[in-house]
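Here's the structure we're looking at; comments come further down.
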Amino acid sequence: SEDWMKGVAAEFNLSETAFLRFIEGSRFGLRWLTPTAEVDLCGHATLAAAHFLFGREAYDELIFETRSGDLVATKKNDLIELAFPRDDPMEVVDLKIKGQLLKALSVEDIVSVHRSGQRDLLVTLTAEAFQSMNVDLAKINEIERIRGVVPCCAGDVRDEGQA
């Protein structure tokens, strides 16, 4: 039941707990719960579920029905290949979000902002802004309808062997 899964996830207190449900053949329902909420996708727990099922039965392929759509796990010798849904980021043009990010990261300029379908923001900064940024998590938490912020910048080209 829903309450039982929530209780188990809370008791385990792990980042995600996977719950499998047999449907038919090599098709299974798969859900992931944190101690406080259900999540749409969890790669590590999907891999663990596939490893468990491949170890118990002679499956060549598994199909997991999830909130993110059907995920396919294929056994290739001793390896497991996972096919996840594509998540092409879209550019964010919302000036309010960009303004909130400027304050939350304590930077003066942002090169670009892209949003994933999973509600993550990829924030590209100049190298100088990246090095001087000072993240205010409370201000990031005020940004609506996002799951996380990933600041990044282009790196320096270095000769091989340099740190």
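May I ask you to verify whether residue 11 is open to solvent by less than 90 Å² (accessible area, probe 1.4 Å), charged (D, E, K, R) and farther than 30 Å from residue 129 by Cα?
Details: open to solvent by less than 90 Å² (accessible area, probe 1.4 Å): no; charged (D, E, K, R): yes; farther than 30 Å from residue 129 by Cα: yes.
Judged against the criteria, residue 11 is not a match.
Filter region 45-61 for residues that are open to solvent by 70 Å² or more (accessible area, probe 1.4 Å) and either closer than 13 Å to residue 20 by Cα or in contact with an Asp or Glu (Cβ under 7 Å, 6 or more places away or on another chain) (or both) and give the result.
47, 51, 52
Of the conditions (1) farther than 27 Å from residue 70 by Cβ; (2) open to solvent by 50 Å² or more (accessible area, probe 1.4 Å), residue 133 fails just one. Which one is it?
(2)
If a residue must be under 18 Å from residue 146 (Cα atoms) and at pLDDT 90 or above, how many such residues does region 116-133 contain?
Of all residues in region 116-133, those under 18 Å from residue 146 (Cα atoms) come to 116-124.
With at pLDDT 90 or above added as a condition, the list becomes 121-124.
Residues meeting the conditions: 4.
Residues in region 1-41 that are in a loop (DSSP other than H, G, I, E, B) and either aliphatic (A, V, I, L, M) or modelled with pLDDT of 90 or more (or both): how many?
Final tally of qualifying residues: 5.
Kindly list the number of the only condition in (1) assigned to a loop (DSSP other than H, G, I, E, B); (2) within 25 Å of residue 87 (Cβ to Cβ) that fails for residue 59.
So the condition that residue 59 fails would be (2).
Could you tell me which residue of region 66-123 is surrounded by the most Cβ atoms within 10 Å (Cβ to Cβ), considering only residues that are under 13 Å from the mean Cα position of the chain (by Cα) and part of a strand (DSSP E or B)?
The extreme case among them is 121.
Taking region 124-141, which residues are touching a helix residue (DSSP H, G or I) at 6+ places or on another chain (Cβ under 7 Å) and either part of a loop (DSSP other than H, G, I, E, B) or among the β-branched types (Val, Ile, Thr) (or both)? First the steps, then the outcome.
Just the residues of region 124-141 that are touching a helix residue (DSSP H, G or I) at 6+ places or on another chain (Cβ under 7 Å), to begin with: 133, 135-136, 139-140.
Across region 124-141, the qualifying residues are 133, 135, 136, 140.
The values are calculated or read from the model by the stated rules, or taken from the named source; none is laboratory data. Predicted model, so just to flag it, every value in this text is computed and none were measured. Here the Cβ is made from the backbone with ideal geometry for all residues, glycine too, and neighbour counts use every protein chain on show. In case anyone asks, the SASA skips ligands and DNA or RNA and just uses the protein heavy atoms, side chains included. Shrake-Rupley method; radii C 1.70, N 1.55, O 1.52, S 1.80 Å.
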